[in-house]
1. Using a Debye calculation, one point per C-alpha and no hydration shell, please list log10 I(q)/I(0) for the range 1-125 at q = 0.10, 0.13, 0.22 Å⁻¹ in order.
2. Principal axis lengths of the range 165-233 from Cα atoms, whole Å, largest first?
3. In sequence order, what are the phi-derived ³J(HN,Hα) couplings for the range 183-188 according to the Karplus relation 6.51 cos²θ - 1.76 cosθ + 1.60 with θ = phi - 60°, rounded to whole Hz, with x for glycine and proline?
4. Rounded if a/c is under 1.5, else prolate if a/b beats b/c, else oblate: with a ≥ b ≥ c from the C-alpha gyration tensor eigenvalues square-rooted, which is the range 1-61?
5. Per residue, what accessible area does the chain have, given a 1.4 Å probe and all protein chains present, in Å²?
6. Using +1 at the Cβ of each Lys and Arg and -1 at the Cβ of each Asp and Glu in the range 161-224, identify which of MET197, GLY182, TYR167 lies farthest towards the dipole's positive end.
7. From the phi of every residue in the range 83-93, what ³J(HN,Hα) in whole Hz does the Karplus formula 6.51 cos²θ - 1.76 cosθ + 1.60 yield, where θ is phi - 60° and glycine or proline is x?
8. For GLY73, list long-range residues whose amide hydrogen, built 1.01 Å from N in the peptide plane, is under 5 Å from its own amide hydrogen.
Amino acid sequence: MNIDITTLRSKNYKSRDEAFLEENLVSKEPFGQFKAWFEDACMRKEILEPNAMCLATATKDGTPSARFVLLKGYGKDGLKFYTNYGSRKAKEMEQNPRVAATFYWEVLNRSVRIEGVVEKVSEEDSVKYFHSRPVPSQIAACASYQSTPIESRDVLCEREKALEAEYMMPGKEVPKPAYWGGYIIRPNAVEFWQGQMSRLSDRIKFRKPMNGEVPDGKLLHKGDDGWVYERLSP
Ligand SMILES: Cc1cc2nc3c(=O)[nH]c(=O)nc-3n(C[C@H](O)[C@H](O)[C@H](O)COP(=O)(O)O)c2cc1C
């Protein structure tokens, strides 16, 4: 098959009368706005993983890398995800805690971009979430030394089998490995993008004001909880 990708066009970007205007913001701070858009995405059965987000990290010298992770909690304190603390992303976040993350909800023509700084969540939080996962997922987390080379799939399956024999029985609990846990992204900028058929798409960005910056009510608006927001050109 020979597909000419230069002719691919989105089929359902929004029309002009569905623009995303400042008056459509449900909150003047990004967490309330994120909640509204995230809940809209969760309501759409066509979106199978509304919590999938592309997480970008970078080494100390600025070499970037990106991958998907699943959002597992959000609120005014930030956005949480869980992973292996020995993985490539974890090593990069250790060197450089500045990260970016992006959601794209295709059927809604919406994307959210987040920039911020990560911190590990408490061990207590990681243990609690680990045990809330299905047991096979707990076993998989123990069996995988994420991002390290492995000789074959068989090696992984052998480890899984051994762990199943040890822990898959009544009264036994899979211990959370020390190398597995969560992070929380504390955002300093969150942008809400909504696509338009005309490509004059809407972008409203919340950010923390720079030193001494005062909203003029024209280009820069005062938000709640110490945030400011501005409309960006598409
Ligand atoms: C939709 C989706 C969700 C994923 N969720 C997670 C996750 O929550 N945590 C995780 O460690 N890896 C997750 N992965 C796997 C990662 O994308 C990646 O392969 C893995 O974390 C290793 O990345 P790294 O080598 O850059 O550290 C997910 C992959 C996809 C496609």
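1. The Cα Debye sum returns log10 ratios of -0.41, -0.67, -1.33.
2. Sorted largest first, the three principal extents are 64, 38, 18 Å.
3. 10, 10, 8, 9, x, 10
4. Verdict is oblate for the range 1-61.
5. 60
6. Farthest along the dipole direction, towards plus: MET197.
7. Along the range 83-93, the couplings run 6, 9, 6, x, 6, 4, 4, 5, 5, 5, 5 Hz.
8. LYS80
The values are calculated or read from the model by the stated rules, or taken from the named source; none is laboratory data. Quantities reported herein were computed from a predicted structural model and do not represent experimental measurements. FYI the Cβ positions are ideal-geometry reconstructions off the backbone, even for glycines, and counts take in every protein chain you see. Note: areas computed on protein heavy atoms with side chains; ligands, DNA, RNA excluded. Shrake-Rupley method; radii C 1.70, N 1.55, O 1.52, S 1.80 Å.
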